[in-house]
Amino acid sequence: MTTALALLDEGGGQGLTMRALAARLGVTPMSLYHHVGDQVGLLRALSDRVYAEVLEGPRGPADPRADILALLIRYHQAVGRHPQLTLAIFAMPEAFAGVTRQITDRLTTLLTELTAEPILWRDILVDHAHGSGLSLASARGDRMQVQVMLEQYQQALDRLLGRLFSARRTDAGF
């Protein structure tokens, strides 16, 4: 998986082929098919590995806003570290499964507690994480710029969640 992720990071979706991975590992492509099935299976395994940390965050007392914020910040950072993986999953939607599905389901569940439109808000928040996370790749060599972009993402996310919570309070008659 480490070698496959390196190939993906280096050459994007076109760089990660079963032949290229087999050549880098010094094995036959058929041996890879035995372990991961196909290209979709390889992408699923990679996404499970990269995004597993997103679900591992601390869980304290029930605070949906804090949970959503923490989950999305971890997801945004994972997208920023490996943007080519996200782009490969966009290009091959059948690879969307496993941990990425669990992240989406968890976010939907948390949003269900806050809004009558959890799917709409999930899509808005995930798209925002993708767009901002993918843009981190352009600043990868500049630590100061990356830090600024991370802070801007967190500020924008906090504002979006603030709107969601203020709408919830208004809807509830607070």
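For Q152, what is the net charge nearby, where nearby means another residue's Cβ is under 13 Å from its Cβ and Lys, Arg count +1, Asp, Glu -1? Don't skip to the end; give the middle numbers.
On the way: positive: R159; negative: E151, D158.
Net of charged neighbours comes to -1.
Magnitude of the Cβ-charge dipole of the chain, K/R +1 and D/E -1, about the Cα centre, nearest 20 debye?
180
Can you list the chymotrypsin sites (Phe, Trp or Tyr not before Pro) in region 73-133 that are in a DSSP coil and have 15 or fewer other beta carbons within 10 angstrom?
Values: sites: Y75, F90, F96, W121; in loops: F96.
When the chymotrypsin sites (Phe, Trp or Tyr not before Pro) of region 73-133 are filtered for loop state and at most 15 Cβ neighbours within 10 Å, F96 remain.
For region 1-91, with only Lys/Arg (+1) and Asp/Glu (-1) charged at the beta-carbon, what is the dipole magnitude about the Cα centre, in debye rounded to 20?
I would put it at about 100 debye.
Which of the trypsin sites (Lys or Arg not before Pro) found in region 10-98 are in a DSSP loop and have at most 14 neighbouring Cβ atoms, other than their own, within 10 Å?
Details: sites: R19, R24, R44, R49, R59, R65, R74, R81; in loops: R59.
Answer by residue number: R59.
So which GluC sites (Glu not before Pro) in region 46-148 pass both tests, a DSSP loop state and at most 10 other Cβ atoms within 10 Å of the Cβ?
Sparse-neighbourhood loop GluC sites (Glu not before Pro): E56.
Once both axes come from the Cα atoms, what is the angle between helix 99-112 and the longest principal axis of the chain, in degrees from 0 to 90, rounded to 10?
On a 0 to 90 degree scale, this one is about 10.
Could you identify which residue out of G141, G80, G13 has the top mean-square fluctuation in a GNM of the chain using Cα springs shorter than 10 Å?
Taking springs between Cα atoms under 10 Å, the residue moving most is G141.
Out of Q77, Q154, Q145, any idea which swings most in a Gaussian network model of the chain, alpha carbons joined below 10 Å?
Q145
Connecting C-alpha atoms closer than 10 Å in a GNM of the chain, tell me which of D67, D48, D142 has the biggest fluctuation.
Result: D142 has the largest fluctuation of those listed.
Spin-label point model (7 Å from Cα, Cβ direction): what's the E53 to V146 distance in nm?
1.1
Where does helix 143-171 land angle-wise versus the long Cα axis of the chain, in degrees 0 to 90, nearest 10?
Helix 143-171 and the main axis of the chain meet at about 40 degrees.
Just so you know, all these numbers are worked out from the coordinates, no wet-lab data involved. Small disclaimer: the values here were computed from a predicted structure and weren't measured. When we count neighbours, we look across all protein chains shown, and the Cβ atoms used for this are built from the backbone with ideal geometry, even at glycine.
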